[in-house]
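Inspection log for the structure reproduced underneath, given as structure tokens.
Bear in mind these aren't lab numbers, they're just calculated from the coordinates by the rules spelled out. These numbers come from a predicted model, not from an experiment. Note that each Cβ is placed from the backbone with ideal geometry, even for glycine, and that neighbours are counted across all protein chains shown.
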Amino acid sequence: MTPKKLRKYYLDNLLRYLRLRLSILCISMTLHLNTIFMCLIPRQWLLRNVQIAFPFGIWVAGVLFDNFTGVEKKNRRHRAKQLNNIIAGLGPAIIKAGQALSSRPDLLPSEYLNELQKLQDDVPTFSNDIAFRIVEEELKRPFGEVFELVQPEPVAAASIGQVYKARLIKNGQTVAIKIQRPNTEDIVALDLYVLRWWAGNFYNNIFSLLGRDINLQSVMDDFGNLLYAEIDVSINKPHDRACDNNTSMLKLLL
């Protein structure tokens, strides 16, 4: 490699690194601004607390009852399925937390790990009508005028969105349409605020009593940065950046 090409290589990598750091800084600021905003709407915070705490509370009560009656191991697989169903129905942030727990054998028995690993590739989809309406609002065109579905249902679904396989009406090119779940950023912001509140006002005190120096609010902040990075396709994985570029090209083609 010539010195000129070598300089260009290092300069390109430096600029890529600086763009990444700037994007992460912006995401961190967004997370804290969203947290402040959520403080101003306590009714939503209280409602979300109930939505999260009620199903988890019933599940915890069941596990405690199993322990008390000596059938915890016998019912463990059943309780693991219950936990998986609860997490899958509570939105992107909680699903992401469940995915993280699925790789922590130091925290959960194998029955729970096996069940929670299903969250990696078996997340409930949202309505096709809602998904196509999101696309139509973005492109300002009816979905059927732009795309012809190769398969009527999503080929993949994750915590943040789902993917359809389709063909462009204009030239027949096969494309992947990645559609983010509706109101993802609002739901994530609210859930992170709820989780940070419980971490700072409840769980940190429990860990202190147990002699463990763990700042769960910092953990939630790191988790929030990672989650917002996944939402922001501009700093997502390379193939997601390619999808974003394809979306820009679609607008030129239409």
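When Glu185, Glu138 are arranged by Cβ crowding within 10 Å, least crowded first, meaning fewest neighbours, the order is Glu138, Glu185.
When each of Ile94, Ile231 is scored by the number of other beta-carbon atoms lying within 10 Å, the sequence from fewest to most is Ile231, Ile94.
With a ≥ b ≥ c the root eigenvalues of the C-alpha gyration tensor of segment 52-138, is it rounded (a/c under 1.5), prolate (a/b larger than b/c) or oblate? Prolate, because a/c is 1.5 or more and a/b exceeds b/c. Choose one of His78, Ala156, Phe65: the residue whose Cα lies farthest towards the positive end of the charge dipole of segment 61-165 (beta-carbon charges +1 Lys, Arg; -1 Asp, Glu; about the Cα centre). Checking the options against the dipole of segment 61-165, the answer is Phe65. Using θ = phi - 60° in the Karplus curve 6.51 cos²θ - 1.76 cosθ + 1.60, the 3J(HN,Hα) couplings for segment 192-197 round to 5, 5, 4, 5, 5, 5 Hz; x is entered for Gly and Pro. Database remark: amide H of Phe147 closer than 5 angstrom to the amide H of Ile169 (H placed geometrically; neighbours at sequence offset of 5 or more, or on other chains; Pro and chain starts carry no H). Remark: for residue pairs Lys96/Lys165; Lys96/Lys170; Lys140/Lys165; Lys74/Lys96; Lys74/Lys178, the C-alpha separation exceeds 31 Å in Lys96/Lys170; Lys74/Lys178.
Among 123-129, 187-193, sorting by the average number of other beta carbon atoms lying within 10 angstrom of each residue, highest first, gives 187-193, 123-129.
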